[in-house]
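Read through the structure below, which is laid out as structure tokens, and then see the notes.
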4 protein chains.
Amino acid sequence: MSLRALVWNENIHETTQEEIRAIYPQGIHGAIAEGLAEQLGEDVEVATATLADPEHGLTEEVLAGTDVLLWWGHIGHDQVHDAVVERVQRHVLGGMGLLVLHSGHFSKIFTRLLGTTCSLAWRNAAEREIVWTTAPGHPIADGIEQPFVIDHQETYGEHFDIPNPDDQVFISSFEGGEVFRSGVTFTRGRGRIFYFSPGDQEYPVYFHPQVRRVLANGVRWAAPVAREHVTPDVTNPARRDWS
Amino acid sequence: MSLRALVWNENIHETTQEEIRAIYPQGIHGAIAEGLAEQLGEDVEVATATLADPEHGLTEEVLAGTDVLLWWGHIGHDQVHDAVVERVQRHVLGGMGLLVLHSGHFSKIFTRLLGTTCSLAWRNAAEREIVWTTAPGHPIADGIEQPFVIDHQETYGEHFDIPNPDDQVFISSFEGGEVFRSGVTFTRGRGRIFYFSPGDQEYPVYFHPQVRRVLANGVRWAAPVAREHVTPDVTNPARRDWS
Amino acid sequence: MSLRALVWNENIHETTQEEIRAIYPQGIHGAIAEGLAEQLGEDVEVATATLADPEHGLTEEVLAGTDVLLWWGHIGHDQVHDAVVERVQRHVLGGMGLLVLHSGHFSKIFTRLLGTTCSLAWRNAAEREIVWTTAPGHPIADGIEQPFVIDHQETYGEHFDIPNPDDQVFISSFEGGEVFRSGVTFTRGRGRIFYFSPGDQEYPVYFHPQVRRVLANGVRWAAPVAREHVTPDVTNPARRDWS
Amino acid sequence: MSLRALVWNENIHETTQEEIRAIYPQGIHGAIAEGLAEQLGEDVEVATATLADPEHGLTEEVLAGTDVLLWWGHIGHDQVHDAVVERVQRHVLGGMGLLVLHSGHFSKIFTRLLGTTCSLAWRNAAEREIVWTTAPGHPIADGIEQPFVIDHQETYGEHFDIPNPDDQVFISSFEGGEVFRSGVTFTRGRGRIFYFSPGDQEYPVYFHPQVRRVLANGVRWAAPVAREHVTPDVTNPARRDWS
């Protein structure tokens, strides 16, 4: 049975700025979805949803049928309804995988799951990013070149205010000397979370073959073994006789 | 300069149930504060605050002057104002240490910092708890017996829905066969967090010498090196010439 | 292509003690191999090797063709040649998965990979072990009952002298009140390591359906994505022009 | 009572290469010891030892009286006697802190404690290293500038083949675009380990004020709470009556 991936995008830049639409004519979600289909073929069914959809396209039913959710947001974080964020959080805790992308570091869902500000230093100067693998045996790094280069990117720099990640998969350097933990994983409840920073509305990063491979690897890795999402309940069990 | 510890307690059981007041005549906060003073002497200045105080006793000024906050809550979690919770979170991220105690696992501040439900299994049957040290070199375990026994306790059991802790310091077993990760640490922002489960309103656990030693060790461990609380800001630095 | 699992056993108890042979007539390795075949069917090819085999059955060629090695040893740890241990370590660092079982905690390969004594407290009194899942979303816990019970087992207790594990999957309690981190994972190089303590020569633990399920899950989880084992080399790269 | 730090250096470059002696006239150990004394004043007693000393200056008695050992080695790793390495490992597991510096990544003691190859990529081209703090609340980062710059350094690059560290404190970038996890911590047994890569025989890095501050912070952090070193023993406790 194939993986069910859902690519969520606020889809604001692409619909309001012609120069961004020129880079991502199908939207950022369209480019990411295309990349997943290209990399994973019949192993994946890809759907998309955006901020403008009813309930942002993230109804209870849609989430229950999602194995891995990918999240791209930037200037619309505040427009995401808290009730939807709580619903997404519940599904992640119940086992749905989550890939948070680039400026999604400031999304409500990411900061809520991590508990920190998720702040960072940034500069938009079309600098070169070099992405180094720090965990070459990790499934997310499978088939990734050491290093790979993105010619023009927004610069993200430390300190990145996140909790200690479970696995440290990628670290990037930028032309200006900055470093950034660009690929890190977390577990929350039964859900696996992968944050990956390369990707911006002003640069065609989601067409980069290595970035596409990382995202495809990430989707495979974050998919739950059991497909049903099961949120923990507090229980009050009677004392048992174990013999 | 001595450590500034602040013991916060909802103080509801003690003020509404005579049988609890009999166990904790000075309130749970009073017993904990007494224990810290007894263990740390002049190394600590202990203050207390409760839910009924204006702003729950957790004003900006009070928090700015606190090195380590201890948190006991149970039936009053919902009565804690969100604005105060956000303020406490900001101070933890800025460096204030936090000890979350027993039923505080369901407090707003703990679930917000951890991002999970923090649910667990429980049973109130006055069972024996045996507390085992799993990190004997950890500062919080300093001087603690292997194991120590609490004769009567509420039973807490796995699965405890928390993220992977930084350090796993204590694991308890209970008469009924349950196990529980009873002492675990986390880092959020600059703040160090220690969760310790032994302690309940119905049992005189906060008078137990080993429990008092653990809490004193925890306060020492969670205290920030730099006393000012510094919340991260997103920054937009210009490219520098490093030569 | 199916997983290639290799079950290694010192095979001393079974060949020298009639009462152990009565429990494990095909050897402990035979019982484990049977369990893997039963659980994983055509997804796995299972082979076995023992201490008495030339080079302990762990030649360069055999290891190069192994995805996951399972290790059971007890009274023969010292008889394992250091050259073979180094070879196994090299393959683990290169990506081969490793499951270390029960008394294998004191094997040369485990202590060498972990760097600690791996000591623990123990008592052989046919006590009941209750195995609790602490990471219900982990692939190794897939389909495992919360908790499952082993009626008679050797007791292992904390402190278990291991480094902080990557994931804490199972914790056991014993009739005598002991607790033990009975299922923990580590990464070393590209290799994934799972230590699982249930299992002893005197009790038919490797016939227990839940134990068999855990081992099968562990083999799946520890298998490398890329099948070739690649040990890191120190490199001296010239400075590159990234543009 | 003051901390007892012992700076160990193979002291080969300084005694055999005039140009290195010109940089470190008191030896690398001398420069490091001077820095610790300068930073920690009366809080520390600093001693030094070198490869040429009887038993490399690391007798049972010396180690028993050491709170934190600092280790610098490069071309003499193989000359360190295995018996001394085992002794140092035993003391680390028993609680002695250990700071491993720069090319010490390939020392017998470090690879033995970590279990991996500890290999990395390197290039000696007097490149600029920028050291970024990734854990600003960590005691080792106390008072450290974000970032600090070392004008000329040997370049170390990922992949650095180490296990997942406990804490990720510093990451460096180099002029050639490399990144390196330059400050990481581990726990082994009761011992705290800090690896810090800045520092080389060809560059006066151990005179850099920020490097000196990091090493002083590291010594404070790695010091055990209890001064006696206690190596775990396997124990066989009888079942106890806990009531």
For this session: Please verify whether the stretch A:106-116 includes one or more residues that are at the interface with another protein chain (Cβ under 8 Å from one of its Cβ atoms) and touching an Asp or Glu at 6+ places or on another chain (Cβ under 6 Å).
Result: yes
Seminar exercise, completed: If we keep only residues of the stretch B:97-118 that are under 12 Å from the mean Cα position of the chain (by Cα) and not in a helix (DSSP H, G or I), then the residue nearest to B:Pro204 (Cα to Cα) is B:Leu101
Exercise. Considering the stretch B:88-107 alone, what residues qualify as being farther than 16 Å from B:Arg192 by Cα and surrounded by fewer than 20 Cβ atoms within 10 Å (Cβ to Cβ)?
Worked result: B:Phe106
Problem set entry | C:Gln79 at the interface with another protein chain (Cβ under 9 Å from one of its Cβ atoms), out of contact with any strand residue (DSSP E or B) (no Cβ under 7 Å at 6 or more places or on another chain), farther than 29 Å from C:Gly176 by Cα and touching a residue at least 12 places away in the same chain (Cβ under 8 Å) | no
Exercise. Out of curiosity, is C:Val225 outside any strand (DSSP E or B) and more than 7 Å from every other protein chain (Cβ to nearest Cβ)?
Worked result: no
Problem set entry | B:Val84 over 16 Å from B:Arg212 (Cα atoms) and either in contact with a helix residue (DSSP H, G or I) (Cβ under 6 Å, 6 or more places away or on another chain) or crowded, with 20+ Cβ neighbours inside 10 Å (or both) | yes
Exercise. Does B:Gly76 fit the bill of being closer than 14 Å to B:Phe196 by Cβ and at pLDDT 95 or above?
Worked result: no
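To keep it simple, each residue is scored yes or no on (1) among the basic types (Lys, Arg); (2) surrounded by 20 or more Cβ atoms within 10 Å (Cβ to Cβ); (3) touching a strand residue (DSSP E or B) at 6+ places or on another chain (Cβ under 6 Å); (4) more than 10 Å from chain D (Cβ to nearest Cβ).
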position	(1), (2), (3), (4)
B:Phe180	no, yes, yes, yes
B:Ala216	no, yes, no, yes
B:Trp221	no, yes, no, no
B:Val230	no, no, no, no
B:Asp233	no, no, no, yes
Seminar exercise, completed: The one condition B:Phe196 fails out of (1) in contact with a Ser or Thr (Cβ under 9 Å, 6 or more places away or on another chain); (2) within 13 Å of chain D (Cβ to nearest Cβ); (3) within 15 Å of B:Leu98 (Cβ to Cβ) is (2)
For this session: Considering only the stretch C:52-80, state which residues are surrounded by 13 or more Cβ atoms within 10 Å (Cβ to Cβ), of a type in the set (Asp, Glu) and more than 22 Å from C:His102 (Cβ to Cβ).
Result: C:Glu55
Exercise. What is the number of the single condition among (1) within 14 Å of chain B (Cβ to nearest Cβ); (2) buried (at least 23 other Cβ atoms within 10 Å of the Cβ); (3) in contact with a Phe, Trp or Tyr (Cβ under 7 Å, 6 or more places away or on another chain) that D:Asp166 does not meet?
Worked result: (2)
Problem set entry | Total residues in the stretch B:101-110, condition farther than 13 Å from B:Val80 by Cα and either touching a His at 6+ places or on another chain (Cβ under 9 Å) or charged (D, E, K, R) (or both) | 2
Exercise. Based on what the data block shows, is D:Leu69 of a type in the set (A, V, I, L, M), out of contact with any Gly (no Cβ under 9 Å at 6 or more places or on another chain) and within 28 Å of D:Val225 (Cβ to Cβ)?
Worked result: no
For this session: Mind telling me which of the residues A:Ala52, A:Ala64, A:Ala33 ends up being more than 18 Å from A:Leu3 (Cα to Cα), hydrophobic (A, V, I, L, M, F, W, C) and away from every other protein chain (no Cβ under 14 Å)?
Result: A:Ala52
Exercise. Out of curiosity, is D:Phe207 buried (at least 20 other Cβ atoms within 10 Å of the Cβ) and modelled with pLDDT of 95 or more?
Worked result: no
Seminar exercise, completed: Note on the stretch A:108-140: residues more than 26 Å from A:Glu175 (Cβ to Cβ) and aliphatic (A, V, I, L, M) are A:Ile109, A:Leu113, A:Leu114
For this session: Show the residue pairs that are 6+ apart or on different chains and have beta-carbon atoms under 6 Å apart, the first residue being within the stretch C:186-206 and free of Cβ contacts under 8 Å to residues at least 24 places away in the same chain, the second being surrounded by fewer than 24 Cβ atoms within 10 Å (Cβ to Cβ) and among the charged types (D, E, K, R).
Result: C:Thr187/C:Asp166
Problem set entry | Matching entry among B:Phe160, B:Phe110, B:Phe170 (being in contact with a Lys or Arg (Cβ under 6 Å, 6 or more places away or on another chain) and aromatic (Phe, Trp, Tyr)) | B:Phe160
Exercise. Within the stretch A:4-43, how many residues turn out to be touching a Leu at 6+ places or on another chain (Cβ under 9 Å) and surrounded by fewer than 22 Cβ atoms within 10 Å (Cβ to Cβ)?
Worked result: 4
Exercise. Do we have C:Trp132 as of a type outside the set (A, V, I, L, M) and in contact with a Pro (Cβ under 6 Å, 6 or more places away or on another chain) here?
Worked result: yes
Exercise. Hey, A:Ile140 hits all of (1) surrounded by 24 or more Cβ atoms within 10 Å (Cβ to Cβ); (2) free of Cβ contacts under 8 Å to residues at least 24 places away in the same chain but one; which does it fall short on?
Worked result: (2)
Problem set entry | Scan of the stretch B:128-137 for residues that are within 17 Å of A:Arg240 (Cα to Cα) and surrounded by fewer than 23 Cβ atoms within 10 Å (Cβ to Cβ), ordered by number | B:Arg128
For this session: Read through the list (1) more than 17 Å from the chain's Cα centre (by Cα); (2) more than 14 Å from chain D (Cβ to nearest Cβ); (3) outside any strand (DSSP E or B), then give the number of the only condition that B:Ala125 fails.
Result: (3)
Exercise. Which of the residues belonging to the stretch A:182-192 are within 16 Å of the chain's Cα centre (by Cα) and within 13 Å of chain C (Cβ to nearest Cβ)?
Worked result: A:Thr185, A:Phe186, A:Thr187, A:Arg188, A:Gly191, A:Arg192
Seminar exercise, completed: Note on the stretch D:147-163: residues surrounded by fewer than 21 Cβ atoms within 10 Å (Cβ to Cβ) and either modelled with pLDDT under 95 or more than 7 Å from every other protein chain (Cβ to nearest Cβ) (or both) are D:Phe148, D:Asp151, D:His152
Exercise. Quick check: is even one residue across the stretch A:234-243 acidic (Asp, Glu), without any contact (Cβ under 8 Å) to a residue 24 or more places away in the chain and in a loop (DSSP other than H, G, I, E, B)?
Worked result: yes
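The values are calculated or read from the model by the stated rules, or taken from the named source; none is laboratory data. Keep in mind it's a predicted model, so treat the numbers as computed, not measured. Reconstructed Cβ throughout: ideal geometry from the backbone, glycine too, with neighbour counts over all protein chains shown.
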